[in-house]
Amino acid sequence: MLEAPKIAAFKASLRGQFIEPHDASYEDVRALYNGMIDKRPLMIARCTNASDVMKSVNFGRENNLLVAIRGGGHNGPGLGSCDGGLVIDLSLMKGVRVDPELRTARVGPGCTQGDVDDATHAFGLAVPAGIISTTGIAGLTLSGGHGYLSRKYGLTIDNLLEADVVLADGSFVTANKEKNSDLFWALRGGGGNFGIVTSFLFQLHPVSTVFAGPIVWDQRHARTIMQRYRDFLPSAPEELGVFVGLKTILSSAPFPEELWGKRMCLLMCCYNGSEEKGGETLAPLLDGLPTPWFNWVGQMPYPSVQSMFDGLYPKGMQWYWRGDFVKTLSDSAIDVHLEQAAEAPSELSLMHLYPIDGAVHRVGKDETAWNCRDATWSMVIAGIDPNPQKAGPITRWTKGYWDAVHPFNLGGAYPNFMMDDEGDERLKATYGDNYKRLAALKAQYDPTNFFRVNQNIKP
Ligand SMILES: Cc1cc2nc3c(=O)[nH]c(=O)nc-3n(C[C@H](O)[C@H](O)[C@H](O)COP(=O)(O)OP(=O)(O)OC[C@H]3O[C@@H](n4cnc5c(N)ncnc54)[C@H](O)[C@@H]3O)c2cc1C
């Protein structure tokens, strides 16, 4: 039991907000993106600066509290919160400062991806990250970060130049290639295991308007589409980010009513360049394929494609995820995908294969903690539904689909596509030869495993 005066003193020391279960805003502030996860922390420290974060880390450690770190709150298994402990919530730390000459951005850990895209787009620049604007940049970055720009510019961590970090002992350090370079190595893929990042410095790239959007076919053509996509990708210009998906047309606008509820195969495209060049690039991918139900690819500002899915996936729905890294997509694997996808238990449930080739492959396996540089795709299967009563069916479908397709895939998965029930062996397979070094650095920077509400690397 914590004594009330101790709590009061901690609360008074913060510049940010301190929220307990009896506060009116508690329910709102504790809510996570994944409505399937319902965690009730003892207290939430909503920090506004690194000093608040240091005080919170010290308070948590001195009082033996379980501590969770929260950025955007988007994590699948809800690792941005905990039951009965202290949540160090960074979501108020939102500043973005762009340096257009150096093409860098200094980013606060409370930013969503949309916050970053909005700030950098004004300068015709962008940092490669994920595909939904409401995702927190912090959790996404620390476990890797992949999206439309990764083929050309690499993972988000490949564009991380520096991070300010509060360590488990409450001290503050800056990590980059020269300073605390071992910590910098671990931060680039090792998740929230090593400390709390209070500021990120990213390299930016020229990205302004893009030729982007979905092309959608009847799922009965999916075998042909997936084979073509697989064969096209290795020679596709890296300016083109394109993922394949198996899903269902939602029974709502803007989709044509006659297609509502039908199974589809999707190519989601984003060409960083003009409509003319984008069209030329897509031509060999589409040549001779069946006529799609619709092709909504067009010229748009980059933040528009980044937020295209936001409205379809609002906060609070039920999500259950499984992922894998995939090296090759055989015809037999495609057949298994088609059998499983046809059984999707809800309109929102999906399978996506995101390319992680090109520039991602040009970084060595041991240059950052992110080991799986030789995969071709990062696969995600996600059971999704707004109705809590569908939690069972979407979970069972995701697990069954994954069990069926996993034998075709590599052993590990993108940590940001894992739930918290997959075991240490999965994490070891994910980090491969880098696991030993990560565990040694964990022992150095966090010997008591203070930061353990995460995809945990044990010291
Ligand atoms: C709809 C949706 C779409 C997605 N699309 C993509 C995608 O395209 N590409 C992609 O790469 N990923 C994608 N993801 C996965 C996403 O990267 C993870 O869910 C990620 O954990 C979200 O980060 P967050 O800050 O919102 O998470 P939170 O839930 O806030 O935090 C998750 C974990 O990150 C760590 N963490 C957060 N902030 C910090 C910090 N400042 N310092 C240290 N540790 C910290 C902590 O360990 C915490 O437990 C998607 C997720 C969703 C829900």
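What follows draws every value from the coordinates through simple rules; no lab data is involved. Nothing here was measured: the structure is a model prediction, and the numbers come from that model. Backbone-built Cβ (ideal geometry, glycine too); neighbour counts: all protein chains shown.
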(request) Go through the stretch 116-146 residue by residue and tally those that are away from the ligand (no atom under 12 Å from the Cβ) and surrounded by fewer than 24 Cβ atoms within 10 Å (Cβ to Cβ). (result) 7
(request) Scan the stretch 168-201 residue by residue and report those that are within 11 Å of the ligand (Cβ to nearest atom) and farther than 15 Å from residue 437 by Cα. (result) 192, 195, 196, 197, 198, 199, 200
(request) Mind listing whichever residues of the stretch 372-418 are within 14 Å of residue 344 (Cα to Cα) and of a type outside the set (A, V, I, L, M, F, W, C)? (result) 383, 385, 390, 392, 393, 395, 396, 398, 399, 400, 401
(request) Would you tally the residues in the stretch 164-189 being at negative phi, out of contact with any Phe, Trp or Tyr (no Cβ under 8 Å at 6 or more places or on another chain) and either crowded, with 18+ Cβ neighbours inside 10 Å or among the β-branched types (Val, Ile, Thr) (or both)? (result) 4
(message) For the stretch 403-425, give me each residue that is among the hydrophobic types (A, V, I, L, M, F, W, C) and more than 15 Å from the ligand (Cβ to nearest atom).
(response) 404, 405, 408, 410
(message) Given (1) buried (at least 16 other Cβ atoms within 10 Å of the Cβ); (2) of a type in the set (Ser, Thr, Tyr); (3) closer than 30 Å to residue 391 by Cβ, identify the lone condition not met by residue 25.
(response) (1)
(message) Give me the residue from the stretch 43-94 that is among the aliphatic types (A, V, I, L, M) and farther than 20 Å from residue 455 by Cα and, out of that set, farthest from the ligand (Cβ to nearest atom).
(response) 43
(request) Working only within the stretch 206-252, note down all residues that are of a type in the set (S, T, N, Q), surrounded by 17 or more Cβ atoms within 10 Å (Cβ to Cβ) and more than 15 Å from residue 337 (Cα to Cα). (result) 209
